């Protein structure tokens, strides 16, 4: 959920900045690439001329209202059911709605919903910190750097060394339990996603100490409010054992769903050579990203992130416009001979897992 704060000499560095705002970093960067004859400039002009960078606030208002209403209905049902194991049936729809909530916070951070920075941050804070217990400032710091240099092993935190690794060089440096984990990371990937929902909360609290004092106070207040309200709801409705199981199952399903939405985007795609030639914006974003084919259901399940190439090229383009921009981007890439990767959903997971398996090969 990145709040656009970066500035640089090309659109990738602008994260979620607003291209329609004359004073925004992304707009200034757009003027730069147009003046220098970048391969991206004609595509940017075409998207702007077709109104694809205009916001769709109406769609977002309806979507947010529907999501909040559905959350309210499920919480009401949870309370009415009372102290019963049948409540576990609600964890799946709740996990789905939590993921919708994360998508809203993501889009708000990219300034897709509102041109006003304060409004965008307020939406992100409510949806991320209060409703999910996930620190939007932590995600902002991580996600802006990812957008600026996707799949760059030295600059993209998403391909840095963590529980998983993404290059054979990283794999060869692993020792002990981490070495065993890397050998088996492809088969462990989906089970590990079950821990992601809890990990996101932990990372958010850990990040508080890196935030400025005033921002830290707001983030900490909302994160603490989430935990307090969530715990109160669970333990006032369910017995302690059922409450703990409910929380664990809900967070496991949430982490899995969120991971399924993000996993196809870049794993197994090109990784820029840190010592090689610097890529331009178009090359950097297109070659490192993978789109996922599908219809309305795929768009809904993946929150529009299945148009990953278009999202990376135009971070502040509203989600409803990404599918409209796809024909422009695909035709432009074909015209200049640049590969444009698009697969089915299952194939995208196969390619991502195959890459993780290949990375661990030297250790086997």
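Read-outs: derived from the displayed coordinates by stated rules, not from any lab. On a predicted model such as this, the values are computed, not experimentally measured, just so you know. All Cβ positions, glycine included, derive from the backbone under ideal geometry; neighbour counts span all protein chains shown.
Give the dimensionless ratio obtained when the Cα radius of gyration of segment 266-317 is divided by 2.2 N^0.38 Å. Please report the intermediate quantities before stating the final value.
Details: Rg = 12.7 Å, N = 52, 2.2 N^0.38 = 9.9 Å.
That works out to 1.28 for segment 266-317.
For segment 268-339, relative contact order (Cα pairs under 8 Å, six or more residues apart, normalised by length) works out to 27 percent. Give the relative contact order (percent, whole number) for the chain; include only Cα pairs under 8 Å separated by 6+ residues. Relative contact order for the chain comes out at 23 percent.
So for segment 211-259, considering every pair of alpha-carbon atoms, how many percent are separated by more than 15 Å? More than 15 Å apart: 60 percent of the Cα pairs in segment 211-259. Subtracting the Cα-Cα distance of residue 50 and residue 62 from their residue separation scaled by 0.36 nm leaves 2.0 nm. Along its principal axes, the chain has C-alpha extents of 65, 53, 44 angstrom, given from the largest down. Each Cα pair under 8 Å and six or more residues apart adds its sequence gap; the mean of these over the residue count of segment 196-297 is a relative contact order of 31 percent. The simple spin-label model puts a point 7 Å past each Cα toward its Cβ; for residue 233 and residue 92 those points are separated by 2.0 nm. Size descriptor for segment 167-225, Kirkwood hydrodynamic radius: 14.1 Å (Cα pairs only, one decimal).
What number, in nm² with one decimal, is the all-direction average of the projected area of the convex hull of the alpha-carbon atoms of segment 131-182? If you can, show how the numbers build up before the last one.
Numbers: hull surface 18.3 nm².
Reported value for the Cα convex hull: 4.6 nm².
With no solvent and one point on each alpha carbon, what is the Debye value of log10 I(q)/I(0) for segment 57-262 at q = 0.09, 0.16, 0.18 Å⁻¹? Debye intensities relative to I(0), on a log10 scale: -0.40, -1.17, -1.36.
Based solely on its DSSP helices, what 222 nm [θ] is calculated for the chain when runs of n ≥ 4 H residues each add -39,500 (n - 2.57) and the sum is averaged over all residues, nearest 500 deg cm²/dmol? It would help to have the intermediate numbers written out before the result.
Details: 17 runs with 219 residues, N = 364.
Computed mean residue ellipticity for the chain: -19000 deg cm²/dmol.
Take the Cβ atoms of residue 338 and residue 199, set R0 to 30 Å, and the FRET efficiency comes out at 0.25.
Working ranking of peptides 249-259, 51-61 by packing, defined as the average number of other Cβ atoms within 10 Å per residue, highest first, is 249-259, 51-61. What are the semi-axes of the equivalent ellipsoid of segment 246-335, taken as the square roots of 5 times the eigenvalues of the Cα gyration tensor, listed largest first and rounded to whole Å? Gyration-tensor ellipsoid for segment 246-335: 27, 18, 10 Å.
Ranked by the mean number of other Cβ atoms within 10 Å of their residues, highest first, the peptides 336-347, 177-188 fall in the order 177-188, 336-347. Legend: translational diffusion of segment 175-307 by Stokes-Einstein, Rh = Kirkwood radius over C-alpha pairs, 37 °C, 0.692 mPa s; D = 178 µm²/s.
As a calculated quantity, the FRET efficiency between residue 224 and residue 161 at R0 = 35 Å, using C-beta atoms, amounts to about 0.70. The largest-to-smallest principal axis extents of the Cα set in segment 287-364 are 45, 31, 20 Å.
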